[in-house]
1. State, to one decimal in nm², a quarter of the convex hull surface area for the C-alpha atoms of region 3-90, i.e. the direction-averaged projected area.
2. Based on the mean of other beta carbon atoms within 10 Å per residue, what is the order of 206-217, 64-75, most packed first?
3. Can you give the FRET efficiency for residue 65 and residue 121, using 1/(1 + (r/R0)^6), R0 = 25 Å, r = Cβ-Cβ distance, to the nearest 0.05?
4. Working out 0.36 nm times the residue gap between residue 147 and residue 8, then minus their Cα-Cα distance, what length gain in nm do you get to one decimal?
5. Arrange the peptides 188-199, 142-153 so that the one whose residues have, on average, the most other Cβ atoms within 10 Å appears first.
6. Can you work out the PRE-style zone for residue 85? Point 7 Å along Cα to Cβ, and I want the residues of region 18-43 with backbone N under 18 Å.
7. Determine, from the Cβ-Cβ distance of residue 52 and residue 77 and an R0 of 22 Å, the FRET efficiency 1/(1 + (r/R0)^6), rounded to the nearest 0.05.
8. Taking R0 as 35 Å, what FRET efficiency do you get between residue 183 and residue 216 from their Cβ-Cβ distance, rounded to the nearest 0.05?
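All of the numbers you see were taken from the coordinates with simple rules; none came from a lab. None of the values given here were measured: they were computed from a predicted structure. Quick reminder, even Gly has a Cβ in these numbers, built from the backbone with ideal geometry, and neighbours come from all protein chains shown.
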């Protein structure tokens, strides 16, 4: 399998990960070599956010059964050689989904599968009261956050307005001086705060854009940053 096979399969599943608009927004490139082995299928991408920042590399895992692409390890922090070595090693190793993953807390926490029921159970395990209600709220807000990042990539996010949001976007007075992204992220942060949960926001719509750093340190993403919020349909 080469990268053209990966792109073809991903698009057949309806994935927009390899769309030209998404790659162009992040100044993204995809290396042609694909690494296959007992550990799965891996490739290397790179992004450069501006002329003032260096081009850095990221290892990605491709799942042909559904066309999804996951990030492995650090995002946009590796050199090309480091990323290639990691991709080769990941392909050669079998990583059990249920195995404990090292996290940046006093003790390691098990990796939990992502899904609506599992997400609710994960919130309950963190001591959240009425975890179903919080899960519904976060999934709805995360879906909106994901759509906004897609719009930014496609160049159709509204920037015109009368006032400037603290993030730099131009917004209308009727929005209270905050752009939709900032208001949405504030709502997610407020919903998580009573339970000691800190949201992590990302701008790449090709993956999860809202993750949760929970008190136990449990993670379910390849980057081991936090729990992914499964977005509402």
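1. Result: a mean projected hull area of 5.4 nm².
2. Listed from highest to lowest mean packing, they are 206-217, 64-75.
3. 0.60
4. That works out to 47.7 nm of additional length.
5. 142-153, 188-199
6. Residues passing the 18 Å test: 35, 43.
7. FRET efficiency, residue 52 to residue 77: 0.85.
8. Between residue 183 and residue 216 the formula returns 0.75.
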